Protein chains: 2
Amino acid sequence: MAKITKRSEDYSQWYIDIVTRAEMADYAPVKGCMVIRPWGYAIWERMQRALDDMFKDTGHSNCYFPLMIPQSFLAKEAEHVEGFAPECAVITHGGGKLLDEPLVIRPTSETIIWAMYKKWIQSWRDLPLLYNQWANVVRWEMRTRLFLRTSEFLWQEGHTAHATSKEAMEEAERILGIYRTFSEQWMAMPVLSGRKSEGQKFPGADTTFTIEALMQDGKVLQAGTSHYLGQNFAKAFDVQFQNRDGQLEYVYATSWGVSTRLVGALVMTHSDDAGLVLPPKLAPVEVVVIPILKADADNAGILAAAYRVAEPFGDDVRVRVDDRDNVSPGWKFNEWELKGVPIRIEIGPKDLEKQQVVLVRRDTGKKTPTPMDAISFQVPGVLEEIQDGLMKKAKERLEAGCRAADTYESFQKAMDEVGGFIYAPWCGSRECEDRVSEETKATIRLVPDTAEDCGVCMVCGKGPAKRVPFGRAY
Amino acid sequence: MAKITKRSEDYSQWYIDIVTRAEMADYAPVKGCMVIRPWGYAIWERMQRALDDMFKDTGHSNCYFPLMIPQSFLAKEAEHVEGFAPECAVITHGGGKLLDEPLVIRPTSETIIWAMYKKWIQSWRDLPLLYNQWANVVRWEMRTRLFLRTSEFLWQEGHTAHATSKEAMEEAERILGIYRTFSEQWMAMPVLSGRKSEGQKFPGADTTFTIEALMQDGKVLQAGTSHYLGQNFAKAFDVQFQNRDGQLEYVYATSWGVSTRLVGALVMTHSDDAGLVLPPKLAPVEVVVIPILKADADNAGILAAAYRVAEPFGDDVRVRVDDRDNVSPGWKFNEWELKGVPIRIEIGPKDLEKQQVVLVRRDTGKKTPTPMDAISFQVPGVLEEIQDGLMKKAKERLEAGCRAADTYESFQKAMDEVGGFIYAPWCGSRECEDRVSEETKATIRLVPDTAEDCGVCMVCGKGPAKRVPFGRAY
């Protein structure tokens, strides 16, 4: 098995090596599209299950809206069409005939959903609608990267309708909290959270909330967004309801989503030069048991011991016995290391004599001989330690990656030399925001709720200014 | 709430009434497409979970292949392009530009998947590949019907690759068994199973296996198909592997799928003039507890009792307390009846005095006063009885709906008068098959494995002939 490129040599190639050699994804024959292979998809399925449970626990239901949207729908919301029309895939023919009106493949579903909400919402009694869908979307991309940016990607998109602005804003913030919890507790990926600046918000939103993570190369990654849409889409699609006072009012809305790019974020947060490192909660396999089989020997005893070790875990821990006889134990070690399985349990003839196994941690490489009888009791605790350890390490990296700069010059220097989140004073104007992003390729990642006045803007020198984190983003 | 149309008056309208009024689905603004609303989607999610577990238990992994397929790929398999090209939605523009080659939205994914399999398969060691994906597909349809036939639908499509013909054939039959088990044990929908005739098989398959169900109106419905594809797609995409003897050989394949049309089949199998009837195993809510609240009264005691009744079920039974105070108890009864919830539990002030509840079955309408303390123990048994009872009833209907005819005249008469599956002798020729379908709109649904010679063909009068079931299909 060829070695993967080291991070220090070529970070981008290291990422691609991991994704392709761990068989998480592959390039599709269609430009900009990817194939998600079973190992990558199993991680996405674990993410889906965890998020879906959280959405349902907070009263949301899943549903499904059409893939194809009449082109004219997109045009009904001015910012929205400007943001998305240039990225659309357009269907002009169906069933062998030219269509009367072209259809676009959804780049996001606000327009088709609000066209339906108009049918379903008449009164305050019909509200709120708390809907989510798991779906594919297409946004034509020129420069793509497996998981992180592809023309087609998988995501969930929540679309809710509310009777009051307050309720909708609370919903948008509640979802941001869910994204943050998921990111921290499942992905072991700490994030910054807050509102997007005017220049970075979703086309059609009044307010966009975001979670932002720091990758190992100092670039930052937008991991999830939740939008307070105000009455913009209700007005675009004329969705009014009779409120409790009997008056007609436009409906308030939110939308929010995370996508398969989270799989890419996961890779970049924890992995090392030996391959993928997975937090146990999202690992398709948490423990792999590898019997050390010898060619031309009687392996029955070792094999039986391997199954005996795996058996008591039951449904609580995802265990696999790698009993293949056409690859060597060393090959298996490498493969499961590359695939990021948190714990490897080795059993050889000498271990069997001593009634022990060797437990090997993927995160630290530490090997611990452990009595066979004790292993099933010890593993859950070790898995927790690994989950917590990955979070701790990522958090330390995030904390070390947040720096302050006061002048534009020191800002540019820090951005070029170390990257990460550079907190710098900004006056709040679109002009200064745009100038920084044009000149440095760094954008304002969010405006913290807690940002306080701190002198003058590093760009225009005018005050008051707030300290906001900039970063170069994936 | 307006009454739904009776089956005896207009069966088609009855079906549409149930699907739309039970809020399972609605018409989308795009021709031929539907919106799957939360109640319909929750049923589909239950179906997905059950099937997905069965696929994984038999060694299959999920993955995801692109939505967009180069038009030229479709043309590589002759039967396949002939079958699907006329139904395709075609993307001609992306990112604001005319594409060099048009893309089609997948009508099914054999071609894109076998293009990838070529990259992944070199040796017998790489086989088998047992992959499945849950995805949306588009097949342009002129005459659509919610769930049963829509231009876009959701499905799962399995695509497997094998080293031998025998193994692939066993896989195709194993999946047919899974579909049959799912249909019978989860949907309570008995089916006939067997091979499709030459005229009815999948474009590109050597053999298509099918399960076929009987609806209440005497029409039949193809509920799932599993295809043995032989080496057709391996040859079309030049996918060869080195076998154990070191020789190059084309790979053997299967593909198989069931779709959201199963939700339509479920509606048509069990429902009645009062609305949807759901088998408990697929019901999003198995038990609804309805406290009989009075306007302008202190309802605290009743409400508390309702929650107390629901509490002990835990995670084993899906229970909902309908505590809304803006609709009447009678309105709730109707709504949950319409939505097909298997058991309703009513609690009124008099019940509370007697420490009892009233258990009402959706399938029989039977009301049983039950001591409050006993309800949580009794419900699981009643749910099983309902599941079994629905299966028994559907099976009796299927058995009564299978008839024999010996002459073409008696065949046509039976088809016009009662429908169902009419078993009639057929010589095996495509000519006779086509003539029957043109003249009677009935098609050969399958060729039973057990079909024995039975005299002469009802069409051409030649022998030998086998008795095969014909039906008019959705």
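The values are calculated or read from the model by the stated rules, or taken from the named source; none is laboratory data. Here the structure is a predicted model, which means the values were calculated and not measured. We place every Cβ from the backbone using ideal geometry, glycine too, and count neighbours over all the protein chains shown.
Given the options A:A42, A:A25, name the one that is among the aliphatic types (A, V, I, L, M), touching a residue at least 40 places away in the same chain (Cβ under 8 Å) and either buried (at least 24 other Cβ atoms within 10 Å of the Cβ) or within 29 Å of B:M24 (Cβ to Cβ) (or both). Give the derivation first.
Details: A:A42 fails: either buried (at least 24 other Cβ atoms within 10 Å of the Cβ) or within 29 Å of B:M24 (Cβ to Cβ) (or both).
From the options A:A42, A:A25, the qualifying one is A:A25.
Does B:T58 satisfy the condition of being surrounded by fewer than 20 Cβ atoms within 10 Å (Cβ to Cβ) and either more than 10 Å from chain A (Cβ to nearest Cβ) or closer than 19 Å to B:F237 by Cβ (or both)?
Spelling it out, B:T58 is indeed surrounded by fewer than 20 Cβ atoms within 10 Å (Cβ to Cβ) and either more than 10 Å from chain A (Cβ to nearest Cβ) or closer than 19 Å to B:F237 by Cβ (or both).
So how many residues does segment B:103-119 have that are within 8 Å of another protein chain (Cβ to nearest Cβ) and surrounded by fewer than 21 Cβ atoms within 10 Å (Cβ to Cβ)? Walk me through how you get there before you give the answer.
The first filter runs over segment B:103-119 and keeps only residues within 8 Å of another protein chain (Cβ to nearest Cβ), leaving B:103, B:105, B:112, B:115-116, B:119.
Add one more test, that the residue is surrounded by fewer than 21 Cβ atoms within 10 Å (Cβ to Cβ), and what stays is B:119.
Of the residues in that region, 1 qualify.
Could you tell me whether any residue of segment A:274-286 is farther than 30 Å from A:G218 by Cα, in a loop (DSSP other than H, G, I, E, B) and either assigned by TED's automatic domain parsing to the domain that holds A:V360 or at pLDDT 95 or above (or both)?
Filtering segment A:274-286 down to residues farther than 30 Å from A:G218 by Cα leaves none.
No: segment A:274-286 contains no residue that is farther than 30 Å from A:G218 by Cα, in a loop (DSSP other than H, G, I, E, B) and either assigned by TED's automatic domain parsing to the domain that holds A:V360 or at pLDDT 95 or above (or both).
Among the residues of segment A:339-366, which ones are assigned to a loop (DSSP other than H, G, I, E, B) and over 18 Å from A:P284 (Cα atoms)? Full working, then the answer.
First pass over segment A:339-366, keeping only residues assigned to a loop (DSSP other than H, G, I, E, B): A:339-342, A:348, A:355, A:362-366.
Answer for segment A:339-366, where residues must be assigned to a loop (DSSP other than H, G, I, E, B) and over 18 Å from A:P284 (Cα atoms): A:G348, A:Q355, A:T364, A:G365, A:K366.
Could you please tell me which pairs satisfy a Cβ distance under 8 Å, a separation of 6+ or placement on different chains, a first residue in segment B:114-142 that is under 18 Å from B:G230 (Cβ atoms) and in the same structural domain as B:G59 (by TED's automatic domain parsing), and a second residue that is surrounded by 19 or more Cβ atoms within 10 Å (Cβ to Cβ) and of a type in the set (D, E, K, R)?
Pairs found: B:P128/B:E171; B:L130/B:E171.
Do you know which residues across segment B:204-218 are closer than 16 Å to B:S193 by Cα and of a type outside the set (S, T, N, Q)? Break it down stepwise before answering.
First, pick out the residues of segment B:204-218 that are closer than 16 Å to B:S193 by Cα: B:207-215.
Listed by number, the residues that qualify are B:F209, B:I211, B:E212, B:A213, B:L214, B:M215.
Could you check B:G428 against (1) in contact with a Phe, Trp or Tyr (Cβ under 7 Å, 6 or more places away or on another chain); (2) not in a helix (DSSP H, G or I) and say which number it fails?
Unmet condition: (1).
Can B:K339 be described as outside the structural domain of B:S183 (by TED's automatic domain parsing), surrounded by fewer than 16 Cβ atoms within 10 Å (Cβ to Cβ), basic (K, R) and on the phi < 0 side of the Ramachandran plot? Walk me through it before giving the result.
Details: outside the structural domain of B:S183 (by TED's automatic domain parsing): yes; surrounded by fewer than 16 Cβ atoms within 10 Å (Cβ to Cβ): no; basic (K, R): yes; on the phi < 0 side of the Ramachandran plot: yes.
Judged against the criteria, B:K339 is not a match.
Those residues that are surrounded by 12 or more Cβ atoms within 10 Å (Cβ to Cβ) and of a type in the set (S, T, N, Q), I need them from segment A:342-367; list them, please.
Within segment A:342-367, just A:Q356 meets the criteria.
Find the residue count for segment B:382-406, including only residues that are within 30 Å of B:E311 (Cα to Cα), exposed (fewer than 15 other Cβ atoms within 10 Å of the Cβ) and either touching a Pro at 6+ places or on another chain (Cβ under 9 Å) or assigned by TED's automatic domain parsing to the domain that holds B:A465 (or both).
So the count comes out to 1.
Keeping to segment B:458-471, report how many residues are touching a helix residue (DSSP H, G or I) at 6+ places or on another chain (Cβ under 8 Å) and surrounded by fewer than 20 Cβ atoms within 10 Å (Cβ to Cβ).
Residues in segment B:458-471 being touching a helix residue (DSSP H, G or I) at 6+ places or on another chain (Cβ under 8 Å) and surrounded by fewer than 20 Cβ atoms within 10 Å (Cβ to Cβ): 1 in total.
Could we say that B:R139 is surrounded by fewer than 18 Cβ atoms within 10 Å (Cβ to Cβ), of a type in the set (K, R) and over 22 Å from A:Q48 (Cβ atoms) here?
On the way: surrounded by fewer than 18 Cβ atoms within 10 Å (Cβ to Cβ): no; of a type in the set (K, R): yes; over 22 Å from A:Q48 (Cβ atoms): yes.
The answer is no for B:R139.
Can you tell which of A:G95, A:G83, A:G32 is within 7 Å of another protein chain (Cβ to nearest Cβ) and closer than 30 Å to B:K97 by Cβ? Spell out the reasoning first.
Working: A:G83 fails: within 7 Å of another protein chain (Cβ to nearest Cβ); A:G32 fails: within 7 Å of another protein chain (Cβ to nearest Cβ).
Checking each option against the conditions leaves just A:G95.
Any idea which of B:R344, B:R362, B:R324, B:R320 is in contact with a Gly (Cβ under 7 Å, 6 or more places away or on another chain) and not polar (S, T, N, Q)? Spell out the reasoning first.
Values: B:R344 fails: in contact with a Gly (Cβ under 7 Å, 6 or more places away or on another chain); B:R324 fails: in contact with a Gly (Cβ under 7 Å, 6 or more places away or on another chain); B:R320 fails: in contact with a Gly (Cβ under 7 Å, 6 or more places away or on another chain).
When all the criteria are applied, what remains is B:R362.
When residues of segment B:165-201 are filtered for being more than 17 Å from the chain's Cα centre (by Cα) and not acidic (D, E), how many remain? Let's see the steps before the verdict.
Taking segment B:165-201 as the starting set, the residues that turn out to be more than 17 Å from the chain's Cα centre (by Cα) are B:165-174, B:195-201.
Then keep just the ones that are not acidic (D, E); that gives B:165-166, B:168-169, B:172, B:174, B:195-197, B:199-201.
Looking only at that region, the number is 12.
So in segment A:120-136, with the set limited to residues that are of a type in the set (A, V, I, L, M) and either surrounded by fewer than 18 Cβ atoms within 10 Å (Cβ to Cβ) or closer than 30 Å to A:T260 by Cα (or both), which one is nearest to the chain's Cα centre (by Cα)?
Within segment A:120-136, the subset of a type in the set (A, V, I, L, M) is A:121, A:127, A:129-130, A:135.
Subset that is either surrounded by fewer than 18 Cβ atoms within 10 Å (Cβ to Cβ) or closer than 30 Å to A:T260 by Cα (or both): A:129-130, A:135.
Details: A:L129: 25, A:L130: 22, A:A135: 15 Å.
Among them, the one singled out is A:A135.
Could you figure out which of (1) at the interface with chain B (Cβ under 10 Å from one of its Cβ atoms); (2) buried (at least 18 other Cβ atoms within 10 Å of the Cβ) isn't true of A:T160?
(1)
Suppose we filter B:A172, B:A188, B:A135 for residues that are modelled with pLDDT of 95 or more, in a helix (DSSP H, G or I) and aliphatic (A, V, I, L, M); which single one remains?
Values: B:A188 fails: in a helix (DSSP H, G or I); B:A135 fails: in a helix (DSSP H, G or I).
None of the others qualify; the one that does is B:A172.
Considering only segment A:283-297, I want to know if a residue exists there that is in contact with a strand residue (DSSP E or B) (Cβ under 9 Å, 6 or more places away or on another chain) and surrounded by fewer than 18 Cβ atoms within 10 Å (Cβ to Cβ).
Within segment A:283-297, not a single residue is in contact with a strand residue (DSSP E or B) (Cβ under 9 Å, 6 or more places away or on another chain) and surrounded by fewer than 18 Cβ atoms within 10 Å (Cβ to Cβ).
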